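Notes follow the structure.
The values are calculated or read from the model by the stated rules, or taken from the named source; none is laboratory data. The shown structure was predicted, so the numbers you read here are calculated from the model rather than taken from an experiment. Cβ placement follows ideal geometry from the backbone for every residue including glycine, while neighbour counts extend to all protein chains displayed.
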Amino acid sequence: MNAALPPLAANPAPTGGTVAATNAAANAAAASFAALVDSLDYLDAASIEQVRKAYRFADAAHLGQLRNSGEPYITHPIAVAALCASWKLDAPALMAALLHDAMEDCGVTKADLIERFGVTVAELVDGLTKLDKLQFHTREENQAESFRKMLLAMARDVRVILIKLADRTHNMRTLADMPRSKWQRIASETLEIYAPIAHRLGLNQTYRELQDLAFRYLHPWRYATLAKAVNKSRNRRGDLIKKVQAEVDAAFSRIGMKVRLAGREKTLYAIYQKMQLKHLSFAQVTDIYGFRVIVPTVTDCYTALGVLHQMYKPVPGKFKDHIAIAKLNGYQSLHTTVVGPANLSIEFQIRTEEMHVVAEAGVAAHWLYKAQNADGTAAERLGTKWLQSLLDIQNETRDAAEFWDHVKVDLFPDAVYVFTPKSQIMALPRGATVVDFAYAIHSNVGDHATAAKINGELVPLRTELSNGDVVEIITAPVSTPNPAWLGFVRTGRARSKIRHYLKTLAQTESEGLGEKLLTQALRAEGLAQLPPLNAETQPIWDKLLRFTGNRTRSELMIDIGLGKRIASIVAKRLVALLAELGHRPDALLMSRERYTAHETLSQGAIMLDGSESASVQYASCCRPVPGDAIVGYLGRGEGLVVHNAHCSVAKRLQDKDSERFIAVDWSDEPARLFETAITVTVTNGKGVLARVASALADAEVDIIHVDMPDEAALETTELRFLIAVRDQAHLEAALRNLRRTPAVLRAVRMTPQG
């Protein structure tokens, strides 16, 4: 460390009347740490000593800091470590829990922690540290980047999120000490982000507590009203619950099965959610009470189910087997709802002891059962597969807010369970489509998906999956992801894979366009071609990249292709740099290029055939087709936008941004059809639309969209068509065909004029 922290013995003594209070607070902190040590009996002596060493360091680092309650700050890290100890986390995790605020609040560096406690602890603490020191434009951007960092650390080491959830749980327990102005933000964040993460990782006890605490501070009045109603109901139905418990105990005793029966009550937030979603009053929520039946073996679970169904009538449709098909987060139990005494609906959850630990602690149960699962398969089963998928998403997503959007999509707790043709079970979020399934199998399957079969029948790729579907994906090597898929996929993995492919495609094409534009601009400056990248020209390229702020030549070309850099400015700088090496412009080339710079057929014009895909867009305001006079506008970050030369939008842009316009022309052989809009005025009558559509079909025109007003009472009406044609001549032939059709009064192309 740069400056050694004072040892505990050297703490300066307070003066005056605060001595007694400070001593009492210090004693309370020491006592709580003593309680923590008492709960570490699962660790060996050397590990406990390491935890004690971390405590001493944290205590000295937070010296003089107080929480809003007035307690010494160290009480918070101790409480977080105690929660982690209840999950039986190892010594490095407990050390990181004690030190988790040291970097953020005390100026301790990562290097300091590596030196004192090793790389593992330092990495855990660093993963927990927010990014407040960096400058962000908005609070949302800061939050998104902080989550991105935490989630990446969590994907590499699940202990990061376990410590973070313990930290958030203690902060929520003590939220009453915070200013009321912060309640809404912290509670909303907890409900939207941390509670779903806890659920996704199977930490149901933490999940329920975070939901209830967030509800308490988001809606204090509703929380208090519901709490009062539940208390009244508990007192009124207490005898009935005791009666059910006695009857169930007696039934299992008769067959000699050893069971542990535990009562459970629906959380206040769960009751509130049910009332909101189903528009129920409190009196209409019938399944507030339930029991957990803990049995020795899996076979006993099904035997216990039979015993309960013989005692009480089961409610149809309320049985779920989460043992045969576990939930996404590893949760396993049998669920059944029965009608008990006085028509009281009671839910029973039947599980083994190990299932119960997993149900409450989720991914943290990996540490509780580490001895039995040395191969690590339990951790895989308990949701770490989802954590690993975060790394895939991160590799393909540079923007923090976009990354967080992908992750939030995957936090939905509901799931559908479907099968591959080889009967492997796949769990996906509710609402997932065939494309989500394809990407869940493998990114190559998703990228090349062309069609799918569900239960043996061909279906569209956007089809939503249902429980029990058998899904088969049909692929083709030439198939590629479609941008339209982004409109219906539900999983973060699928969304990030599609976006990554489209970005890569756009960048590849933009790089080629950028090279063309820069070459064209250089010709106007008297140089026939771009200088090659070799030992002689490397210094020139390095200087040019420093001038433009790009890291590589490729990145510079992409930026020019996307319109983020103006080719003429870059070309002028490059010519100046080449002049230093003795390269002189060709005066003849310069005069010829500049003479034709504003002519459509300039030698430097970009040739277009429609195959440019993402790097070139055809403006929707004027929809140019081959044969039209056209101009190219380099939009900032949009790539090249092609307008009809007579387009009023293009003319306005030319007036204020003329340096962004470049020469473009049509290729002799366009590679595809082009969209354009026409207006057809017709006399109203039966079958008119069919006759117009038939005339267009005869002209071999594709109809993409029809817009017709609801004007049945009028004599004439105007139909607007979006059609696809080869070129201007094809369009004129289609319009002539329409004008010859009976009932058509007028057929014209829709083009904004200057």
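Observations on the model:
- With respect to the conditions (1) among the charged types (D, E, K, R); (2) surrounded by fewer than 20 Cβ atoms within 10 Å (Cβ to Cβ); (3) touching a Ser or Thr at 6+ places or on another chain (Cβ under 7 Å); (4) part of a helix (DSSP H, G or I), Arg493 lacks only one, and its number is (2).
- Taking the criterion of being surrounded by 24 or more Cβ atoms within 10 Å (Cβ to Cβ) and either without any contact (Cβ under 8 Å) to a residue 24 or more places away in the chain or over 19 Å from Ser466 (Cα atoms) (or both), no residue of region 428-445 qualifies.
- Filtering Ala251, Ala227 for residues that are under 18 Å from Ala270 (Cβ atoms), at pLDDT 85 or above and assigned to a helix (DSSP H, G or I) leaves a single hit, Ala227.
- Restricting region 254-297 to residues that are of a type in the set (S, T, N, Q) and free of Cβ contacts under 8 Å to residues at least 40 places away in the same chain, the residue that is farthest from Leu191 (Cα to Cα): Gln284
- Residues (assigned to a helix (DSSP H, G or I) and of a type outside the set (Gly, Ala, Ser)) located in region 295-311: Val298, Thr299, Asp300, Cys301, Tyr302, Thr303, Leu305, Val307, Leu308, His309, Gln310, Met311
- The test for being closer than 14 Å to Glu347 by Cα and touching an Asp or Glu at 6+ places or on another chain (Cβ under 9 Å) does not hold for Arg292.
A quick yes/no check of all residues on (1) modelled with pLDDT under 85; (2) among the basic types (Lys, Arg):
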| position | (1), (2) |
| --- | --- |
| Arg553 | yes, yes |
| Lys564 | yes, yes |
| Val570 | yes, no |
| Arg573 | yes, yes |
| Ala597 | yes, no |
| Leu601 | yes, no |
| Ala605 | yes, no |
| Ile630 | no, no |
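- Every residue from region 458-481 that is touching a helix residue (DSSP H, G or I) at 6+ places or on another chain (Cβ under 8 Å) and part of a loop (DSSP other than H, G, I, E, B): Pro460, Leu461, Arg462, Thr463, Leu465, Ser479, Thr480, Pro481
- Taking (1) within 24 Å of Pro626 (Cβ to Cβ); (2) crowded, with 17+ Cβ neighbours inside 10 Å in turn, Thr741 satisfies each apart from (1).
For every residue, the table says whether it meets (1) at pLDDT 80 or above; (2) within 30 Å of Leu486 (Cβ to Cβ); (3) assigned by TED's automatic domain parsing to the domain that holds Ala93; (4) buried (at least 19 other Cβ atoms within 10 Å of the Cβ).
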| residue | (1), (2), (3), (4) |
| --- | --- |
| Pro316 | yes, no, no, no |
| Leu344 | no, no, no, no |
| Glu353 | yes, no, no, no |
| Ala361 | no, no, no, yes |
| Ala374 | no, no, no, no |
| Gly383 | no, yes, no, yes |
| Trp386 | no, yes, no, yes |
| Ser389 | no, yes, no, yes |
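- Condition check for Lys516 on (1) buried (at least 19 other Cβ atoms within 10 Å of the Cβ); (2) of a type outside the set (Phe, Trp, Tyr); (3) within 17 Å of the chain's Cα centre (by Cα): one failure, at (3).
- Exactly one residue out of Leu745, Leu714 is at pLDDT below 90 and not assigned by TED's automatic domain parsing to the domain that holds Asp628: that is Leu714.
- Odd one out for Pro709, checked against (1) out of contact with any Ser or Thr (no Cβ under 9 Å at 6 or more places or on another chain); (2) loosely packed, with under 13 Cβ neighbours inside 10 Å; (3) not in a strand (DSSP E or B); (4) not basic (Lys, Arg): (1)
- Cβ pairs under 7 Å, 6+ apart, first in region 498-514 and more than 17 Å from Gly610 (Cα to Cα), second aromatic (Phe, Trp, Tyr) and modelled with pLDDT of 75 or more: Ile498/Trp485
- Residues being at pLDDT 85 or above, over 48 Å from the mean Cα position of the chain (by Cα) and either on the phi > 0 side of the Ramachandran plot or polar (S, T, N, Q) (or both) - total across region 678-711: 1
- Within the set Arg551, Arg546, the sole residue that is in a helix (DSSP H, G or I), over 25 Å from Leu608 (Cα atoms) and either charged (D, E, K, R) or in the same structural domain as Val434 (by TED's automatic domain parsing) (or both) turns out to be Arg546.
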